[in-house]
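Each remark here refers to the structure printed beneath this line.
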Amino acid sequence: MSTIQKFKLGNQGLVVPNIGLGCMGMTQIAGMDIYGKADEKEAIATIHRSLELGGNFLDTADLYGPLLNERLVAKAIKGNRDAYVIATKFGYEIDDNEQLTWQFNGKKEYVKKAVERSLKNLGTDYIDLYYLHRLDPNTPIEETVQAMADLVKEGKVGYIGLSEVSSETIRKAHKIHPLTAVQTEYSLFERSAEEAGILDTLNELEIGFVAYSPLGRGFISGDIKSPDDFDDTDFRKVIPRFQGEQFYKNIELVNEIQKMANEKQITASQLALSWIASKNILAIPGTKRVKYVEQNIAAAQMVLSGDEMNRLESIIPLGTQTGARYDAANMAGIDQ
């Protein structure tokens, strides 16, 4: 039997394991590989192994593929849907030819269209947690969240959340319908959610926090030694954190994390994940390989002492510049 810990995400009743599985890398996005080539058979085996260990929380989105990722998840959960907690996201507009327009759409009509498409692609009649992926600057958040609230009333969605939004947006949305979770990039390398006071807002309103890219998009694993380690279809090539002088400054920080991990006889990735779990934050590290999902779930069950937390945070103190997490165009899509 699994010994995975569980906890309530937010205060609306959703119970989840203390670590999730990010599925983004299991398919391409618009022809780009995400963290290297994916193998469907291995990806599905990874989802199944996660469930065996108690890791039944899967995070996907209609953006991934687009649509291919939800269809892969459907294959993995077929015949066993109710054993999983499925989170998916909408908001990057996808047209009727299944192509990304690269616009954000949070209009009421689009919310309804997007959820029906996701339900079909996931092969299910309900989504446990439904997120707005990015704020639509041309649609009031109140309109989008009211449309999402209607889906809850209809039984198509269990709980709702937002991704990459400011405290102001969170407060506006939460007044329309209680949010269960807010998802933002968060890791030892990326703590702007803390610096901007978003974590304080979530704690005040009793909304759960979900950390995506908790391993700094693979940086913390220590496997990346040079910017040349990425092939031309890897989207990290265009992220400032992985470019030029900043890359080598970040490698020095990774080396310090690695030293501490060696002392504890665990991997640097496991140390970084246990740091997040020790803060009662739900990390959703992405992987498409069985061995890594096993390591990740084991990491979340480790509790770091106060001294260990302080030592780790002193390596990369709050405010340390590690490079922007997206290129300029994608940073413009984040509600700050």
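Observations
- Sole exception among (1) under 23 Å from GLU294 (Cβ atoms); (2) without any contact (Cβ under 8 Å) to a residue 24 or more places away in the chain for ASP82, by number: (1)
- The sole residue among MET302, MET309 that is without any contact (Cβ under 8 Å) to a residue 60 or more places away in the chain, in a loop (DSSP other than H, G, I, E, B) and surrounded by 13 or more Cβ atoms within 10 Å (Cβ to Cβ) is MET302.
- Criterion: over 21 Å from VAL182 (Cβ atoms), among the hydrophobic types (A, V, I, L, M, F, W, C) and assigned to a loop (DSSP other than H, G, I, E, B) - qualifying residue of ALA43, ALA38: ALA38
- Restricting the search to strands (runs of 3 or more DSSP E) fully inside segment 86-192 and requiring at least 2 residues that are crowded, with 18+ Cβ neighbours inside 10 Å and touching a residue at least 12 places away in the same chain (Cβ under 8 Å) gives 92-94, 127-132, 157-163, 181-185.
- Conditions (1) buried (at least 18 other Cβ atoms within 10 Å of the Cβ); (2) within 23 Å of LEU9 (Cα to Cα); number of the one not met by ILE316: (2)
- Among all positions in segment 19-35, there is at least one residue which is modelled with pLDDT under 95, assigned to a loop (DSSP other than H, G, I, E, B) and open to solvent by less than 50 Å² (accessible area, probe 1.4 Å).
- Given (1) open to solvent by 20 Å² or more (accessible area, probe 1.4 Å); (2) under 19 Å from PHE209 (Cβ atoms); (3) among the charged types (D, E, K, R), number of the condition ARG325 does not satisfy: (1)
- Some residue of segment 257-272 being under 16 Å from the mean Cα position of the chain (by Cα) and of a type in the set (A, V, I, L, M): yes
- Filtering segment 1-18 to residues that are small (Gly, Ala, Ser), within 17 Å of TYR292 (Cα to Cα) and modelled with pLDDT of 95 or more leaves nothing.
- ASN280 meets all of the listed conditions (1) in contact with a Gly (Cβ under 7 Å, 6 or more places away or on another chain); (2) at pLDDT below 95 but one, namely (1).
- Within segment 61-85, the set of residues being among the polar types (S, T, N, Q) and open to solvent by less than 30 Å² (accessible area, probe 1.4 Å) comprises just one member, ASN69.
- Every condition in (1) closer than 20 Å to MET331 by Cβ; (2) surrounded by 20 or more Cβ atoms within 10 Å (Cβ to Cβ) is met by PRO240 except one, and the failing one is (2).
- Checking each residue in segment 199-214 for being closer than 25 Å to LEU151 by Cβ, open to solvent by less than 20 Å² (accessible area, probe 1.4 Å), outside any strand (DSSP E or B) and not polar (S, T, N, Q) picks out LEU202, ILE207.
- Any hit, segment 265-278, residues being open to solvent by 20 Å² or more (accessible area, probe 1.4 Å), assigned to a loop (DSSP other than H, G, I, E, B), closer than 27 Å to ILE34 by Cβ and of a type outside the set (Lys, Arg): yes
The values are calculated or read from the model by the stated rules, or taken from the named source; none is laboratory data. Bear in mind the structure is a predicted one, so any value in this text is a computation, not a measurement. We place every Cβ from the backbone using ideal geometry, glycine too, and count neighbours over all the protein chains shown. For accessibility, only protein heavy atoms count, side chains too; no ligands or nucleic acids. Shrake-Rupley method; radii C 1.70, N 1.55, O 1.52, S 1.80 Å.
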